Amino acid sequence: MGSGYFLGVDVGSASVRAGVFDASGKRLAFATRSISQFRPGPERVEQSSAEIWQQVCHAVKEAVSSSGVCIEDIRSLGFDATCSLVALDEQGRGLAVSPGEPSDHNIIMWMDHRAAQETQRINATQDPSLRYVGGEVSVEMELPKVLWLKNHFPATWQSAHRFYDLADFLVSKATATDVAGLCTLTCKWNYLAHEQRFSHSLLDAVELTDLLGKIPSRILPPGAGVGTLSSDAAQALGLTTAVVVASGMIDAHAGGVALAGAEPEGTLALISGTSNCHMLCSRHEIHTPGVWGPYWSAMLPGYWLTEGGQSAAGALVDWTLQESGASAELFNKAEARGCHPIVLVNEWVAALEEQESEPGRYLHVLADHHGNRSPRARPDARGSVCGLTLERGEMQVARLYLATIQAIACGTRHIMEVMRENGHTISRLTLCGGATHNPLWLREYADATGCDIHLMQEEDAVTLGAAITGAVACGAWTTIPSACQAMVRSGEVIKANPARRNFYDRKYQAYLMLWDQQQAINQLMQ
Ligand SMILES: Nc1ncnc2c1ncn2[C@@H]1O[C@H](COP(=O)(O)OP(=O)(O)O)[C@@H](O)[C@H]1O
Ligand SMILES: O=C(CO)[C@H](O)[C@H](O)COP(=O)(O)O
């Protein structure tokens, strides 16, 4: 049994969170800080690694001081972050990632789609290594992004001493060590973990062999200890230099550790934040076209990981609420009541449902507004809405919001169906992320998939997952599963309602038909 306290830091798309956990996984304190996104052009979304590090330091200090824990008792720190690309020069300073932008805007975010042509070029090689990313590299991964920099911004390419995935940047900054995680490299940099090598044929074919001189050569698996905090970092974070730092992880993967670590096989871990990530482990190497992976040991050592995704999940819900004709009314009323706008719009949905059964029956959304990550692997895909009327105000926004959530849930059902068709078993659905604050989302997810949804007691399972990797790294537990058995506790179960099965069987068919119709229209207009 471990003792002491374990820190987890989760860097999501919009905020940084730090949590202090004890050996039973109980959270003693939590702090969040917001982080900026910069949009210098269409398809471009950037961030600043200096700002993120500063916000991490603030969040850690606040969490530790409010926990009441003595800093000498904090044994470890685990980092996770979105899979965004950080560019640094030889002195560790930021390098601009768009011409004309400030040098501290040095992160190309995962959701940035600028590298569409580079993605096509990489996929056109048909290199055998692409089988290990679902058949095609995604525009959201790192090779297309570094290739874009090499082609379009040679000044940054030439000055770049290090490219890091964001989690690895944080680990390197914290330990003054040059290291990359097996998690980030395998899932986002086309590293073939099962063969412990990069594909030289792929890198040669797209003239990226010199990239290997610009990334760390030391690679550590999830739960490995990288080293202890450097004195600079310890001071900045308000911690001691005895704190052990774990190998970095992608945010969805840290969530997957907490959700699936104790019972990996058959558990689909759904991390519902800005995007949706569907993490599934298997002892067998199963290839699922259009679904990322299989990645060897990238989340749980000894397991292949398959990862299905939806690029805009919470982001699409937020956008729907912000862009509706009734947005001002919704946000003003929510502010006046001091509640989240989703609390209010859920009440409006409840009012609609009192008047009619299934208000989403004749309003259908195709939820591909930011492309389709899985299983269609089409970053150029678009959203659509079918069934509009002249309805206005509260009822209009409530209906569209409901139909949007139903569409996102059908997208998950599609991913699950394709996983099963390709030989996966899914016996249990677990969920964490911002969406756990939305009871309507959970209800629709259970009913759309026909699966009960298992939540964790810990509200922020991603941060807990990061803390668990640190607890293993410092030796409190020897393996991630044993740490999960001690630190993760099951929470509420949202039951699927069998009475809605027939509705959702039809709603799902409508969802698939919308795609076919959109494809036909696109062909007509080409
Ligand atoms: N209090 C809340 N009530 C309902 N939904 C929420 C709440 N807070 C966040 N969300 C939803 O969660 C999403 C963000 O999830 P989160 O896990 O915080 O994102 P990320 O990890 O990408 O920063 C938002 O887009 C929003 O739809
Ligand atoms: O591609 C990822 C995981 O593989 C991204 O990190 C993720 O989709 C972004 O996460 P979030 O929605 O939590 O901000």
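The values are calculated or read from the model by the stated rules, or taken from the named source; none is laboratory data. Note that this is a predicted model, so its numbers are computed, not measured. All Cβ positions, even for glycine, are placed from backbone atoms using ideal geometry, and neighbour counts span all protein chains on display. Remember, those area values only see protein heavy atoms, side chains included, never the ligands or the DNA or RNA. Shrake-Rupley method; radii C 1.70, N 1.55, O 1.52, S 1.80 Å.
So, of the residues in the range 420-437 that are within 16 Å of ligand 2 (Cβ to nearest atom) and in a helix (DSSP H, G or I), which turns out to be surrounded by the fewest Cβ atoms within 10 Å (Cβ to Cβ)? Selected residue: 437. On the basis of being assigned to a strand (DSSP E or B), buried (at least 23 other Cβ atoms within 10 Å of the Cβ), among the aromatic types (Phe, Trp, Tyr) and under 25 Å from the mean Cα position of the chain (by Cα), does residue 6 make the cut? When the stated conditions are applied, residue 6 passes them.
Taking the criterion of being away from ligand 1 (no atom under 16 Å from the Cβ), open to solvent by less than 10 Å² (accessible area, probe 1.4 Å) and more than 16 Å from the chain's Cα centre (by Cα), the residues of the range 297-327 that qualify are 300, 326. Counting only residues that are surrounded by fewer than 20 Cβ atoms within 10 Å (Cβ to Cβ) and either out of contact with any strand residue (DSSP E or B) (no Cβ under 8 Å at 6 or more places or on another chain) or modelled with pLDDT under 95 (or both), the range 16-33 holds 2 of them. Among the criteria (1) part of a loop (DSSP other than H, G, I, E, B); (2) within 30 Å of residue 341 (Cβ to Cβ), the one residue 298 does not fulfil is (2). Among the residues in the range 36-44, are any away from ligand 2 (no atom under 15 Å from the Cβ), basic (Lys, Arg) and in a loop (DSSP other than H, G, I, E, B)? Yes - at least one qualifying residue is present in the range 36-44.
Could you tell me whether any residue of the range 92-100 is open to solvent by 10 Å² or more (accessible area, probe 1.4 Å), at pLDDT 95 or above, more than 16 Å from ligand 1 (Cβ to nearest atom) and of a type in the set (D, E, K, R)? Checked the range 92-100: at least one residue is open to solvent by 10 Å² or more (accessible area, probe 1.4 Å), at pLDDT 95 or above, more than 16 Å from ligand 1 (Cβ to nearest atom) and of a type in the set (D, E, K, R).
Among the residues of the range 378-404, those that are touching a strand residue (DSSP E or B) at 6+ places or on another chain (Cβ under 9 Å) and either surrounded by 20 or more Cβ atoms within 10 Å (Cβ to Cβ) or in contact (Cβ under 8 Å) with a residue 60 or more places away in the chain (or both) comprise 379, 380, 381, 382, 383, 384, 386, 400, 403, 404.
Would you mention how many residues in the range 183-194 are assigned to a loop (DSSP other than H, G, I, E, B) and either within 16 Å of ligand 1 (Cβ to nearest atom) or within 20 Å of residue 166 (Cβ to Cβ) (or both)? Count: 3.
Filtering the range 331-357 to residues that are touching a residue at least 24 places away in the same chain (Cβ under 8 Å) and either loosely packed, with under 15 Cβ neighbours inside 10 Å or farther than 21 Å from residue 436 by Cα (or both) leaves 340, 351, 352.
With a cut-off of at least 3 residues that are in contact with a helix residue (DSSP H, G or I) (Cβ under 8 Å, 6 or more places away or on another chain) and within 16 Å of ligand 1 (Cβ to nearest atom), name the helices (runs of 4 or more DSSP H) lying wholly within the range 195-267.
Those helices (runs of 4 or more DSSP H) span 251-260.
Taken together, the residues in the range 268-289 that are in a strand (DSSP E or B) and either within 16 Å of ligand 1 (Cβ to nearest atom) or closer than 22 Å to residue 20 by Cβ (or both) amount to 8.
Of all the residues in the range 481-522, those that are in contact (Cβ under 8 Å) with a residue 60 or more places away in the chain and in a loop (DSSP other than H, G, I, E, B) number 2.
Looking at 84, 65, 36 in this structure, which one is within 16 Å of ligand 1 (Cβ to nearest atom) and open to solvent by 10 Å² or more (accessible area, probe 1.4 Å)?
Just one listed residue meets the conditions, 36.
If the condition is being out of contact with any Gly (no Cβ under 6 Å at 6 or more places or on another chain) and either on the phi > 0 side of the Ramachandran plot or away from ligand 2 (no atom under 11 Å from the Cβ) (or both), then the range 268-289 contributes 268, 270, 280, 281, 282, 283, 284, 285, 287, 288.
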